[in-house]
Amino acid sequence: APSARAHEGGVPCAYDEFYPAADALDVSFLAASAMCQQVSVSEARDLSDERAQVALERATTATPPIAALHLDVAEAVHPRLADLFAVARGEALLEAGNFIGAESAFSEALETRDSEVLVRARVGRTLALLKRDHRDAEEAVSLLRRRYPELPEEAAVMLELGAYLERRDRAGDAAARYRWLQVQAPGTPQADVAAARIVAMRARGVDTRELAPIEVVTRAERLFARGPLSEARLAIGALEEAPPATRALRARAYALMAKLARHEGRFPDAVRYFALSERNGTFGDADDIQRRRDRAADLRRAIETNEDAARRLETLRRGRALRRVASARLLTMAYVAARGAQNETLHEVLVELARRELAPRHRVELVTRVMGAAESADLLTILAGTGQRAGSLGVKARYYEGRLHALEGNVAEAQSAFEDVVERDRSELTWYASWAAQMLQDLAAPDLEAPAVAAGEPVLASLPDGETPAADAAAIATDTPRANATDAPGSADESDDEDGRTNAPLKELAEALEDLDAAAYPWIARAAALLRLGDTRGAARQLYESYLAYRDANGRAIRRAGLASVAMGKSRLRPRANFQTRRERAALSAESVSTLREVAEAIGASGAAVGFGGIPAIVARPRAFADLVEAAAERHGIDPDLLFAVMRVESVYQPQIVSYAGAVGLAQIMPRTGALIAHELDRNDFVTSDLLEPETNLDFAAWYLASLIERFDGHVPLAIASYNGGPHNVRRWLADHPRDLPLDAFLEHIPFEQTHRYVRRVLGHYEAYRAKDGLSMVRLATQLPTLGADPIGF
């Protein structure tokens, strides 16, 4: 009877007419499919999924108006994904020029509880209002910018606002928005369009002023902050040639010149510019002023000459015999003498210190700060007996006893010390055991001088750290497109078969999720629906949202993640759950957690898989996003295991995570760094939210690591330190130590505690990943490089 009713009602089985006819009969898509095909509802489930996927495939290739219709079909099959389809439909209609339809679709999507969809819907609705010249458009822009202070699409919205004001014959207001883009968003495509619009307005006789001096300085500051640095250098150079007329602006301009010089490693220039800035006045709050003064003083120490060191030593000594100088002052004298190449004074100070009752930690610190400048015999005397102490300090001292014996040519003593360290080091990171193992290899092959890796060649197990220059921009893979109609649920995915339809494993994974008793987790049902449509990436995001809710319910919330956190620049607002819902979420069974982990692993949702897997999954060091990691590493000539290690330390494989400092994604790339890398790679359409995409994030990280390795002459530990602490800071730290200080000793004294530990953790995981591949750790150079100015500057 239902089948006859369907046929009598005129429900055709042809795909193009099926949905409208079902709608006219006021029956569900699923029921109508069963009627038409004369099958059971369960069998119709498969047919409906197939129809929905066909619709989505057609939506990716159809013109925007037709794409919107195809999305209607898919939504009928999976109504719980209505918000995802609505926002995708709105973006398609916006592109098609149907602004009223787009606004309606975006307004529908605003009902969502999905924070990413909500951001996209609010941006899309605002653009639709602007394009249709709606009277509420300006208010919508203002509200959008208040809600999302770090909105990635802000420049696009402001450009559209300028065009809106032009169409409403408000040329002055339009010009003000275009100037805002030139000043606050320089280097973006929107700023270039804004400049052209101003030129066109002038040609029509509109009175538009040039940038004011304060705007010129602000524009240069923004270029330095966001790039491209080539334009920043031009803008800063213009300020140097023609300094601003007012003292306040000159102070800002010279401070900007100092920052650029500092980042490029031109420390004498930076000191000079900081002095000029201070001479012209102060700006910013008290913390800003003190920070600039501290940096200037720090850089002055970095460029001290040997003569300056000699004078400081005389001041510290105060004409006294060394035996009458306090131990703390003697230690300072040793550091100054080592850095200033005052070798005779250093020897005398060390002889005196060897007679003193110094604490063991002071003895070890002294040795690691003056190695290379002092005689090894003097330092062995300082360390005498310290290496026999129990605990981590004893292991550290014993390691440096081995290093000093090796420098003296005492091979047997060095070998004994290093073997002792390998046996005794039971710390979490086994830092000294790893270095000792390399030193034992070096002692076994003392004549092996492994050359730097040839340009473009990856770092391999048989080679030491070497030069791996960044790949040419032409070799970069095609840019990842931003969200539009083709990003709707069910877009083509590597998990699909040749016809693009959902394959059997994805159907089984969807059924596994549907069988879970997890009503408190609405994202799980959405993930199942997305898997039925073949959209593994969308399903992965829903599973990650489930993991965030699971952590939150168990008192371990991750506050910053996803597009909302990027756009807000702070912790995102999650819908409040009542007590009963939170209790149900916290009570998720171990079996359900295991199923979620298995499904996440199967679809490559490494962040959710590791999250639900807990500590064992993290300790296992999965090769998360392996295809993307290996492809990016090959493009840029680095060891993929190094990129795995960085990802492990930075995000623990969480692609959506955002740090409190604003770093985004798998490799935790800061927005400024991401923008500067994008300029280097000709990614002119880049916005910060692109860093949430694993492809972009890992590609940028691989390029940056390759660049840092090249800039630090193949020294991977220095590149790792630069990735975390900034290359300009690492260059400054290098200037604060004797030129012949060994690299392993230098790493002991990285001033930033976070960076100090970061280097150890990354190298530890790097070694572990290589061991999983059956490879030995790459040999690390032990001498610090001689560096010139940094040609890249970030």
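The values are calculated or read from the model by the stated rules, or taken from the named source; none is laboratory data. For clarity, every value in this text was computed on a predicted model and none was experimentally measured. When we count neighbours, we look across all protein chains shown, and the Cβ atoms used for this are built from the backbone with ideal geometry, even at glycine. Accessible surface is based on the protein model in full, side chains and every heavy atom, while ligands, DNA and RNA are left aside. Shrake-Rupley method; radii C 1.70, N 1.55, O 1.52, S 1.80 Å.
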> residue 422 accessible area, nearest 10 Å², 1.4 Å probe?
Replying inline: 60 Å²
> How large, in percent, is the carbon and sulfur part of the accessible surface of region 526-653 at a probe radius of 1.4 Å?
Replying inline: 49 percent
> Roughly how many Å² is the accessible area per residue of region 709-794, as a whole number, for a 1.4 Å probe?
Replying inline: 34 Å²
> Order of 747-757, 647-657, 340-350 by packing, highest average Cβ count within 10 Å first?
Replying inline: 647-657, 340-350, 747-757
> In whole Hz, what ³J(HN,Hα) sequence does region 377-382 give by Karplus (6.51, -1.76, 1.60; θ = phi - 60°), x for Gly and Pro?
Replying inline: 4, 4, 6, 5, 5, 4
> Roughly what would the spin-label model give for residue 95 and residue 591, points 7 Å off Cα along C-beta, in nm?
Replying inline: 4.5 nm
> Tell me, what is the 1.4 Å probe accessible area of residue 283, in Å² to the nearest 10?
Replying inline: 50 Å²
>> On a 1.4 Å probe surface of the protein chains, which of 240, 210, 767 comes out largest in accessible area, and what is the full order?
In response: 210, 240, 767
> Each label point is 7 Å from the Cα along the Cα-to-Cβ direction; what then is the distance between the points at residue 351 and residue 322, in nm?
Replying inline: 0.6 nm
>> Give me, ordered by chain and number, the residues 5 or more places off residue 669 or on other chains with an amide H under 5 Å from its own placed amide H.
In response: 664
>> Testing the spin-label approximation: label points 7 Å from Cα along Cα→Cβ at residue 150 and residue 210. State their distance in nm.
In response: 3.7 nm
> Ignoring ligands, DNA and RNA, what accessible area per residue does region 608-667 give at 1.4 Å, in Å²?
Replying inline: 32 Å²
> Within region 388-428, what residues put their amide N at less than 13 Å from the label point 7 Å along the Cα-to-Cβ vector of residue 757?
Replying inline: 428
> For residue 329 and residue 515, what is the calculated FRET efficiency with R₀ set at 60 Å and r taken between the beta-carbons, to the nearest 0.05?
Replying inline: 0.25
>> Could you work out how much longer the chain between residue 132 and residue 559 gets when fully extended? Use 0.36 nm per residue separation minus the Cα distance between them, nm to one decimal.
In response: 150.1 nm
> From the backbone phi of region 395-407, what are the Karplus-calculated ³J(HN,Hα) couplings (6.51 cos²θ - 1.76 cosθ + 1.60, θ = phi - 60°) in whole Hz, Gly and Pro given as x?
Replying inline: 4, 4, 4, 5, 4, 6, 4, x, 4, 5, 4, 5, 5
>> Taking amide H atoms as placed 1.01 Å from N in the peptide plane, list the residues 5 or more away in sequence, or in a different chain, whose amide H sits under 5 Å from that of residue 561.
In response: 572, 658
>> On a straight-distance basis, which lysines could pair with residue 570 in a cross-link, Cα separation under 24 angstrom, same-chain partners fewer than 8 positions away excluded?
In response: none
> If R0 is 60 Å, what FRET efficiency do you get for residue 442 and residue 245 from their C-beta distance, rounded to 0.05?
Replying inline: 0.45
